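Have a look at the structure below before the remarks.
The values are calculated or read from the model by the stated rules, or taken from the named source; none is laboratory data. Computed from a predicted model, the values in this text were never measured in an experiment. Using ideal geometry, Cβ is built from the backbone for each residue, glycine included, and neighbour counts are taken over all protein chains shown.
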Amino acid sequence: MAAPVGAAFTSRLVCVAGDRLVHPADGRNDLARIVVRWARRWVAETWAARQYFEALGIGDRESPCYTDDDVAGWLLLEPRQGSLAWRVRSGEIEITTALTAEAEAWPG
């Protein structure tokens with residue numbers, strides 16, 4: 001079973017490509033600090049998120065990505081329609097199928 005939208009993220013939650021998190025101090029708008037799961041890491045979806053991590057000295061400027069620990073406590077958002085995460089949450093595919101696809105796309 002997938003964690004509900006609004007749940008606080010911990011490294012115990014299983015997330016797949018397309019899952020999204022918002023900083024708990026932000027509203028859900030274009031100015032919010034939002035990250036998206038990609039290639040088993042988190043990347044900034046919004047400029048505000050990238051600036052936030054850059055100010056903290058987390059990630060590099062060339063290819064910024066963030067660990068589960070970096071986003072612990074952020075809140076789960078609805079994934080974008082058509083993403084792997086959306087397909088899992090809508091019941092179109094099972095989480096095991098999504099994790100297998102990720103393992104093939106990003107081995108190691």
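Table: residues versus (1) closer than 22 Å to residue 103 by Cα; (2) surrounded by 13 or more Cβ atoms within 10 Å (Cβ to Cβ); (3) modelled with pLDDT of 95 or more; (4) in contact with a Ser or Thr (Cβ under 9 Å, 6 or more places away or on another chain).
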site: 6; (1), (2), (3), (4): no, no, no, no
site: 13; (1), (2), (3), (4): yes, yes, no, no
site: 16; (1), (2), (3), (4): yes, yes, no, yes
site: 23; (1), (2), (3), (4): no, yes, yes, no
site: 27; (1), (2), (3), (4): no, no, no, no
site: 31; (1), (2), (3), (4): no, no, no, yes
site: 36; (1), (2), (3), (4): yes, yes, yes, yes
site: 42; (1), (2), (3), (4): yes, yes, yes, yes
site: 63; (1), (2), (3), (4): yes, no, no, no
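Could you pull out the residue among 43, 14 that is within 16 Å of residue 79 (Cα to Cα), of a type in the set (Val, Ile, Thr) and part of a loop (DSSP other than H, G, I, E, B)?
14
Residue by residue, here is whether (1) more than 14 Å from the chain's Cα centre (by Cα); (2) surrounded by fewer than 14 Cβ atoms within 10 Å (Cβ to Cβ); (3) farther than 20 Å from residue 24 by Cα holds:
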residue: 56; (1), (2), (3): yes, yes, no
residue: 70; (1), (2), (3): no, no, no
residue: 73; (1), (2), (3): no, yes, no
residue: 84; (1), (2), (3): no, no, yes
residue: 91; (1), (2), (3): yes, yes, yes
